[in-house]
Amino acid sequence: MGETITFWVLAVVSVGAALGMVFNRKAVYSALMLGTVMLCLAVLYAVQDAPFLAAVQIIVYTGAVMMLFLFVLMLVGVDSSDSLVETLRGQRFWAAIAAVGFAALVILAIGNAVFAKEAGLASAIGQAGYIRSLALLLFTKYVFAFEITSALLITAALGAMVLAHRERLTVRPSQKDLARARFLGERPSPLPGPGTYARSNAIDMPALLPDGSVAESSVNRYIARFDVEQDHLPADPKLAEAIKHRAAVESAEEESK
Amino acid sequence: MESPAEIVQHTAGGMIGASWLMIAFPLLGAAILLILGRMTNRWGHLLGVAMSLASFVVAVLTFLEIIGLPAEQRRQAVHLYEFIPGMVDMGLLIDPLSISFALLITGVGSLIHIYSIGYMSHDPERRRFFSYLNLFVAAMLLLVLADNYVGLFIGWEGVGLASYLLIGFWQFKPSAAVAAKKAFIVNRVGDFGLLVGMFIILATFHTLTFSELGKQIAEHPPSGGAVTAIGLLLLLGACGKSAQLPLQSWLLDAMEGPTPVSALIHAATMVTAGVYLVVRSGAFFFPPDSTQAIAVSVVGAATLLAGAIIGCAKDDIKKGLAGSTMSQIGYMMLGAGLGPAGYAFAIGHLITHGFFKADLFLGAGSVMHGMNDEVNMRKYGGLRKHMPITFATFFIGYLAIIGFPLLSGYFTKDGIIETAVHHQPILGWLAVLGAGITGFYMSRMVFMTFFGEKRWEKDAHPHESPAVMTWPLMILSIGALFLGGYLILSNRLYFFLSPAVGTAEATPEFDFASTAGLVTLALVAVGAGFAWVRYGRAEVPAVAPRGSFLTTFARRDLYGDALNESLFMRPGQWLTRFAVYFDNRGIDGLVNGLAAGIGGTSGRLRRIQTGFARSYALSILFGAALLAGALLLVGNI
Amino acid sequence: MTTHYLVLSGLLFAIGAMGVLIRRNAIVVFMCVELMLNACNLAFVAFARQNGNLEGQIIAFFVMVVAAAEVVVGLAIIVTIFRTRRSASVDDANLLKY
């Protein structure tokens, strides 16, 4: 009974999360949805007498793989969301047909199949205990496959390093070079922080200089643009003007790209 | 009436055992001259003559040994080697018939070799010419000496090859190249007949050896359709080689070759191979009064008239002689179709013709040699004073061929005519008519060439030919004078040949005062007189007058070429054109269409390769779904 | 209960497949592939219990290991492509065509 309730709850959640992952425009949301599905699956593994797999699922998938996804998403650009216009004619329609058809066929097949009463893992585990019998299988019968996977992991790690490695074509600039470049540039000092002497300490609030003028460069350009787009401008016209100005700089830069 | 004597296997050595040297000498000569090539240019012609003479010496010695034997042992088979194991043993048959031919071939051949030294002296390719001549002599000897049809066929093809090479000897002349090709192709038709005939012989009698055939036929006299078919097919072969109707068209064009070639191959020897074939096979497949024997006579009679008519209209001296050759071989075929009664006269005429026709051809060659290779008789005239020896020998040959009493041709030709009148009266009287026409056209030739006014080109300086050319002429003219009488009177040739070809019911007697003979003489006289009136006394126009319908008919070789063209060449061209059209449009169209179809389809199909991984993934998912559905269906069944 | 798990597994697999087909962001496509792998794992685990056999779990374990390796290499490839082409869209990499 407990398993049935768990199943139904988690099944609904996981299917919904999966659909959300597919249909959400933003990749970060998709990643979070996938994490949800994986957690649900981990619980379902645990329910099905597979606690080891449940742990591995959480550690490897939710912990490592999903973090990797998020890292790469950050690397590639969080804000680059998919456009909703489909470029391939009929792709969505036929994809839906194929997916629904495939699911219908699989479900039909499973529905037609007649299963005996579940055998349960008690006999397979025996007196050795769950982890011991799992280890027994892994290190005896499947030891060769296990060793192969270790080789695979090493190869994958090496491959990832080789792929991600960027060849340096120029001499690495020394600290001296960097300092000289900074002083030769427009601004030798760091940018002012936002809202330091202001009435508000929000990150999108420009700082005021000691003479009361607005320090425009204290606001992040992206945040400024976000504020303009979302109409989150402060009441003070002087500050609002500065934020608009800052957002315009960002827009111009975007255009020039 | 007796069958030919049985062939005995020759075991003792002697000249008969060494008779293969006859073939070996000229073959060796040809091989040396062809293989060593230009190295032999200086002495090649001498080697050629020496080999031919050596062969002649062997032939004479063999002949002497043969006549030393009793008559029933004069057919000697000499085994050489196993040719096709279990079927054909290569061997030579030395008997009166083959040795007669061998003597003619080597004798006249040697004379023509000697003559050619002079005639070809200015030709840079003289050595090659002699190698071909030697090749021809070897092949011709193999043809007549072989003791089986396979050897005969090899020789048959060998002479065809030599004939082709020699007609096209001056291959830089397109007309010579075309003439050589024509001779080769027309001969193929005849060879086809001979070959199929040999197949049927092999299928019917399981042997191709003369001695075996003789034994089998002596035990079971042949009859029925197979023998008739064999006879007619062999006749087809004979027609091809001997330029008989309907395969006569190549001989006139063959005169494009050098004149000694025309004399040796296309007058004296090779073209008589058909007569040899008929006489040799006579005892087997041409029983007297059978369909095929009558067919031989009919072909002969038709050709003798056709050749004579063609000869009347030719202004080219060599083509005139070629027409006459056709005609004379027609006489031989007529005689050969009459069975053993006619064989002696046919072979006799063949031998004497070999002499006087070679004499005439070489005389014509001598005239051409003195007249800058001019062949048009309308540009000759009055040459008898400038070439006395040539004129004398040519005149003897002329008298012999028209059958002037007591000369060679008189005996042999009248012999054939009388026998023909006796056995086949209609054909016989046609032959009498042909003799009259012969009298006309040969006289015309002599009058136009040696009598009348000079009609030479300006740069012509006629002169007598060198001794190396006139001596052969003289020797040949001696043969033309006396050989006929020697062979025919008291039936010397008849009795000599009878072991090889059998005897007739009644021994033929030469009748000096037979009706046919007298009529022939009268007609010949009329013909010669008419020729004197037209060409001797009257002026000969330098350009041939248009002439009547009959003249045009004769000038165009009785429309033989036109007939061949419309019957065989045009349909052949249509067939090839249709085949080309069918190939281009039908087969190529199919293939190209298929290719274009595949190309077009793939051009459209490749549009599926969009490069979008998601499209591919979609098709993969569809495939997976289909597989799942299929598995489901199979599982449910 | 096995039937339930299998149906859920099939549903998740189909949803993942559909995601692969309709999403253009290479990273999201990758996530959908991971979802499909997870759906398979669920089926393996369910079958392991159904048949009273631990080998299903072992296979699921191997699938996870291989999936981890695949993710590492796949993401490295995506990063490399992005670095050169400034795009993570699978439709932009369509040079290999007619």
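Assorted remarks:
- Enumeration of residues in segment B:454-480 that are open to solvent by 20 Å² or more (accessible area, probe 1.4 Å) and either in contact with a Pro (Cβ under 8 Å, 6 or more places away or on another chain) or part of a helix (DSSP H, G or I) (or both): B:Trp456, B:Glu464, B:Ala467, B:Val468, B:Trp471, B:Met474, B:Ile475, B:Ile478
- Test: residue in segment A:145-155 that is loosely packed, with under 14 Cβ neighbours inside 10 Å, under 30 Å from C:Arg24 (Cβ atoms) and not assigned by TED's automatic domain parsing to the domain that holds A:Tyr45: yes
- Index of the failed condition, C:Phe82 passing every other in (1) within 14 Å of chain B (Cβ to nearest Cβ); (2) of a type in the set (Phe, Trp, Tyr); (3) more than 21 Å from A:Ala18 (Cα to Cα): (1)
- The set of residues from segment A:25-54 being open to solvent by 40 Å² or more (accessible area, probe 1.4 Å) and either farther than 30 Å from A:Gly129 by Cα or assigned by TED's automatic domain parsing to the domain that holds A:Ser133 (or both) comprises A:Arg25, A:Lys26, A:Tyr29, A:Leu32, A:Met33, A:Thr36.
- Of the residues making up segment A:110-135, those that are assigned to a loop (DSSP other than H, G, I, E, B) and without any contact (Cβ under 8 Å) to a residue 40 or more places away in the chain number 11.
- Against the test of being outside the structural domain of B:Val375 (by TED's automatic domain parsing), closer than 23 Å to B:Leu166 by Cα, open to solvent by less than 10 Å² (accessible area, probe 1.4 Å) and assigned to a helix (DSSP H, G or I), the options B:Ala263, B:Ala301, B:Ala322 yield a single qualifying residue, B:Ala263.
- Given (1) under 15 Å from the mean Cα position of the chain (by Cα); (2) modelled with pLDDT of 85 or more; (3) farther than 21 Å from B:Gly415 by Cα, index of the condition B:Gly274 fails: (3)
- Boolean, A:Val76 is within 27 Å of C:Glu70 (Cβ to Cβ) and more than 9 Å from chain C (Cβ to nearest Cβ): no
Results for (1) away from chain B (no Cβ under 14 Å); (2) modelled with pLDDT of 90 or more; (3) closer than 29 Å to A:Leu53 by Cα, shown as yes or no for each residue.
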position	(1), (2), (3)
C:Phe13	no, yes, yes
C:Ala17	no, yes, yes
C:Arg23	no, no, no
C:Val29	no, yes, yes
C:Leu35	yes, yes, yes
C:Cys40	no, yes, yes
C:Phe62	yes, yes, yes
C:Val66	yes, yes, yes
C:Lys97	no, no, no
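- For segment B:603-615, the set of residues classified as in a helix (DSSP H, G or I), of a type outside the set (Val, Ile, Thr) and either in contact with a strand residue (DSSP E or B) (Cβ under 7 Å, 6 or more places away or on another chain) or within 10 Å of chain C (Cβ to nearest Cβ) (or both) consists of B:Gly603, B:Leu605, B:Arg606, B:Arg607, B:Ala613, B:Arg614, B:Ser615, listed by residue number.
- The set of residues from segment B:63-116 being farther than 27 Å from B:Leu135 by Cβ and touching a Pro at 6+ places or on another chain (Cβ under 8 Å) comprises B:Ala71, B:Glu72, B:Arg74, B:Arg75.
- Residue check, B:Glu453 more than 23 Å from B:Ile389 (Cβ to Cβ) and of a type in the set (D, E, K, R): no
- Every pair of residues 6+ apart whose Cβ atoms lie under 7 Å, when the first sits in segment B:157-181 and is polar (S, T, N, Q) while the second is surrounded by 21 or more Cβ atoms within 10 Å (Cβ to Cβ): B:Ser163/B:Ala183; B:Ser163/B:Ile265; B:Ser163/B:Met270; B:Ser175/B:Glu256
- For segment A:128-138, the set of residues classified as out of contact with any Phe, Trp or Tyr (no Cβ under 7 Å at 6 or more places or on another chain) and either open to solvent by 50 Å² or more (accessible area, probe 1.4 Å) or at the interface with chain C (Cβ under 8 Å from one of its Cβ atoms) (or both) consists of A:Arg132, A:Ser133, A:Leu136, A:Leu137, listed by residue number.
- Counted residues, segment B:83-99 - those being among the β-branched types (Val, Ile, Thr) and either outside any strand (DSSP E or B) or surrounded by 24 or more Cβ atoms within 10 Å (Cβ to Cβ) (or both): 2
- Pairs where the first residue, in segment B:499-512, is at positive phi and the second is buried (at least 19 other Cβ atoms within 10 Å of the Cβ), C-beta under 7 Å, 6+ apart: B:Gly502/B:Pro4; B:Gly502/B:Ala283; B:Gly502/B:Pro340
- Selected residue (only one of A:Val15, A:Val43 is modelled with pLDDT of 90 or more, part of a helix (DSSP H, G or I) and at the interface with another protein chain (Cβ under 7 Å from one of its Cβ atoms)): A:Val15
- When the test is whether a residue is part of a loop (DSSP other than H, G, I, E, B) and without any contact (Cβ under 8 Å) to a residue 60 or more places away in the chain, B:Ala544 does not pass it.
Quick grid of which residues meet (1) of a type in the set (Val, Ile, Thr); (2) open to solvent by 100 Å² or more (accessible area, probe 1.4 Å); (3) assigned by TED's automatic domain parsing to the domain that holds B:Glu453:
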{"residue": "B:Ser548", "(1), (2), (3)": "no, no, yes"}
{"residue": "B:Pro571", "(1), (2), (3)": "no, no, no"}
{"residue": "B:Asp588", "(1), (2), (3)": "no, no, no"}
{"residue": "B:Val591", "(1), (2), (3)": "yes, no, no"}
{"residue": "B:Gly600", "(1), (2), (3)": "no, no, no"}
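- Screening B:Phe355, B:Phe391, B:Phe395, B:Phe404 for residues that are outside any helix (DSSP H, G or I) and open to solvent by 10 Å² or more (accessible area, probe 1.4 Å) leaves exactly one candidate, B:Phe404.
- Any hit, segment B:72-82, residues being aliphatic (A, V, I, L, M), under 28 Å from the mean Cα position of the chain (by Cα) and not in a strand (DSSP E or B): no
- For the condition over 30 Å from A:Ala50 (Cβ atoms), within 14 Å of another protein chain (Cβ to nearest Cβ) and surrounded by 12 or more Cβ atoms within 10 Å (Cβ to Cβ), A:Ala164 qualifies.
- In segment B:497-535, the qualifying residues are those that are open to solvent by 60 Å² or more (accessible area, probe 1.4 Å) and in contact with a Pro (Cβ under 9 Å, 6 or more places away or on another chain), and the one that is modelled with the highest pLDDT is B:Phe512.
- Residues that are more than 15 Å from B:Phe83 (Cβ to Cβ), of a type in the set (A, V, I, L, M) and open to solvent by less than 10 Å² (accessible area, probe 1.4 Å), drawn from segment B:140-164: B:Met140, B:Leu141, B:Leu143, B:Val144, B:Val159, B:Ala162
- Test: residue in segment B:174-183 that is crowded, with 17+ Cβ neighbours inside 10 Å, under 21 Å from B:Leu563 (Cα atoms) and charged (D, E, K, R): yes
The values are calculated or read from the model by the stated rules, or taken from the named source; none is laboratory data. What you are looking at is a predicted structure, and each value in this text was computed from that prediction instead of being measured. Reconstructed Cβ throughout: ideal geometry from the backbone, glycine too, with neighbour counts over all protein chains shown. In case anyone asks, the SASA skips ligands and DNA or RNA and just uses the protein heavy atoms, side chains included. Shrake-Rupley method; radii C 1.70, N 1.55, O 1.52, S 1.80 Å.
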